[in-house]
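The next block holds one structure in the form of C-alpha cells; read it before the comments.
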Amino acid sequence: MLDWEALEQRCMSCNQCGLCSTRHHVVFGVGPRNAQIMFIGEGPGEQEDLKGEPFVGPAGQFLDDMLSIIDLSRHNCYIANIVKCRPPRNRDPKEEEQDACIAYLRNQVALLRPKIIICLGRIAAKRILDPNFRITREHGTWVERKGVWMTAIYHPSALLRDISKRPETFDDLLSIRQKIRELGIAVMPPGL
Ligand code: URA
C-alpha cells in the first residue's frame, strides 16, 4: 500500500490503459484525507478532465445540492471515481479500464478508512457492491462489509436527466443522514 503522496504521484503518471492517451488531466480525488464519508462516481466527464477535479460539471453542481440537503459538503466528504481518466465522449468505462484503475481506488479506501461509502450510479454500484446490482431496485439499501457501511444512489447525471427519480433519491439521502447519526459521525458545516 502506498501513502497518499506516493499514490497520487503514481496515479498522475499512469499509463495502464488506453484512457491515458486522450486525457487532459488525471482526476485523482478530492476531500479531506481523514473524511469518514466517501462518495464514488464512475469516471471524469469533460469539465472534470479539463480541471483535474471530480464532479465539477453540471452533475457536480447537482451533487453539491444533494450533499447540502443532508448537511454534507466537500469539506467533510472524500470524492473519487472508479476510473481516474475520462472515457471519450463520456461512454461507460470498459471492464478492462476499470480493472486497470481499481487498485488506486482500493488504496484510497485503505488510506481513508471511511465509515460510509456511497456509490453514485450503476457503474460504481456494480463494481463496489455487487456485479449484479440493479440500481433501480436496490438503490438506498445498505450493506456492511468489514465495518464499512455501503449504499448506492442514482448518479447525479441520471437525476438531471430524469426528475422522476428525485423523490426516491431524497429518501435515500435521508437514510444516509440517519446512518451518519447512528454511527455518531460528526458533520459540522464549515465555519462552525
Ligand atoms: N460523473 C462521474 O461519475 N464522476 C465525475 O467526476 C463527474 C461526473
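No value in this document is a laboratory result; all are computed from the given coordinates. All figures in this text were calculated on a predicted structure; none of them were measured in a lab.
Couple of notes before you dig in:
- Summarising the amide proton neighbourhood of Gly41: residues at separation of 5 or more, or on other chains, whose placed amide H is nearer than 5 Å comprise Ala80, Asn81, Ile82, Leu120.
- Separation of alpha-carbon centers, the stretch 26-104 and the stretch 132-179, rounded to whole Å: 16
- Antiparallel DSSP beta bridges within the chain, percent to nearest 5: 20
- Note on the chain: GNM, Cα springs under 10 Å; of Gln36, Gln98, Gln178, the largest mean-square fluctuation is that of Gln178.
- Under 24 Å from the Cα of Lys146 - lysines, other chains or at least 8 residues apart: Lys115, Lys126, Lys179
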